[in-house]
Amino acid sequence: MIFYIFIIILSLFLIDHFYIRFASKSNENKGKKNGKIIIADDILLNSRNDIVVDDPLQYIDMGYYCEANKMNEKAIEYYEKAIKHGVKKQVVYYFLFELYEKEKKYDNLINMGNDILTTDPYDLAVNEKLAYFYQREEKQDIEKAYYYSYQAKKIKRINSMMFSASEEEKAKEINKAIRKYKEVISFDSQYSQAYKRLANLYRRNGKIKLAISNYKRAIKMDFQDVYSKLWLGIILGMRGGRRKEAQVLLNEVIATDSKSNDAQMAAYIMYYLEDDSAKRRKDDTFKLAFKRELDEVIGLFEKEIYENPSDHKVYWKLGMIYFVQEMFEEMKQKFEKVIDINPSSKEAKFAWCLLNSSFLYNC
């Protein structure tokens, strides 16, 4: 009995095994084209060469798929389309580098790498790839290989120093963090990120003149630094007296990319600065947001809220102080009260815009 059961099981296994082999061979024969094995999706892909997709990242998926099937020229075409449709060169370059090398498109490889480094000379991966490329026999250039290798080593050291400073910042060792960011600047005075991080620390701790000077240095080193322009605009505008300068900076942020998070925030701040009632106000509420004695300032407003719990403007003022200090959870609580108490007020409209801005979730 056991013998017969064994024979039945073995027969079923052999039938299943031969069926799979037959089906696999059949699909392989159907997919053969010009000596290459192409699966069903390739047929669809080749029939839609002129496809236009809504999401540019889909071009990367198509490029990756073509590369996996050894369709290098087609892969290059899709990766380059991704760039034309808005994907950053840095993202696609890592895919294109090997393809350009395999297809001996050395000029494309070099030109794209240099384009990226013109925008961001501290891109470690691109410097490493170009150093590697110039060491190869096909396009050997010892001088350039040394240059890019040196740049890569320098960037690694900067990254290590910045990490150490950011760890001190997380631990709220502010003076140690400031000292370490200054060490980065001493090592490389052109590194804009160190100026920006210094400016943030100074701003949050009430040292506004130092914050302003470091934001300006960051922008000088990197004119495309919209974050520094945004916060410099906020400081100059909300402290009063330099509104026109603030508006120029905020308009530059908006002009860079009107749909970006930073541009959204710049537009909301512009709305506040251009409000007639804001121009006529006599109090120094927003100057207080940049004072060192922040706990004392917050305490005064909390006392005012206790005495006037239905005054939406008090919640609004305290919410703006929390915003400037990047204390977003506290800001959210106060702004929600503004909307709850007087939803038709200008303060409520501004509060709603800030609460629904994706900027707050990317800080």
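The values are calculated or read from the model by the stated rules, or taken from the named source; none is laboratory data. Keep in mind that what you see is a predicted model, and the values were worked out from it rather than measured. Cβ placement follows ideal geometry from the backbone for every residue including glycine, while neighbour counts extend to all protein chains displayed.
Counting only residues that are closer than 30 Å to Glu245 by Cβ, give me the helices (runs of 4 or more DSSP H) lying completely in the range 105-218 with at least 3 of them.
Numbers: elements: 106-119, 124-135, 142-170, 174-187, 192-204.
Passing ranges, in order: 142-170, 174-187, 192-204.
Name the single residue, out of those in the range 310-353 being assigned to a helix (DSSP H, G or I), out of contact with any helix residue (DSSP H, G or I) (no Cβ under 6 Å at 6 or more places or on another chain) and of a type in the set (A, V, I, L, M), that is farthest from Arg204 (Cα to Cα).
If we take residues in the range 310-353 being assigned to a helix (DSSP H, G or I), out of contact with any helix residue (DSSP H, G or I) (no Cβ under 6 Å at 6 or more places or on another chain) and of a type in the set (A, V, I, L, M), then Met320 is farthest from Arg204 (Cα to Cα).
Find all pairs meeting these conditions: Cβ atoms under 9 angstrom apart; at least six residues apart or on different chains; first residue within the range 110-135 and among the acidic types (Asp, Glu); second residue assigned to a loop (DSSP other than H, G, I, E, B).
Going by the 9 Å Cβ cut-off, the qualifying pairs are Asp120/Asp222.
So how many residues does the range 205-225 have that are over 12 Å from Val324 (Cβ atoms) and either touching a residue at least 40 places away in the same chain (Cβ under 8 Å) or aromatic (Phe, Trp, Tyr) (or both)?
At the first step, the residues of the range 205-225 found to be over 12 Å from Val324 (Cβ atoms) are 205, 207, 209-210, 212-225.
Next, from what is left, pick out any that are either touching a residue at least 40 places away in the same chain (Cβ under 8 Å) or aromatic (Phe, Trp, Tyr) (or both): 205, 207, 215, 223-224.
Here the count works out to 5.
Of the numbered conditions (1) out of contact with any Gly (no Cβ under 6 Å at 6 or more places or on another chain); (2) modelled with pLDDT under 75; (3) closer than 23 Å to Lys207 by Cα, Ala278 fails exactly one; give the number of that condition.
The failed condition is (3).
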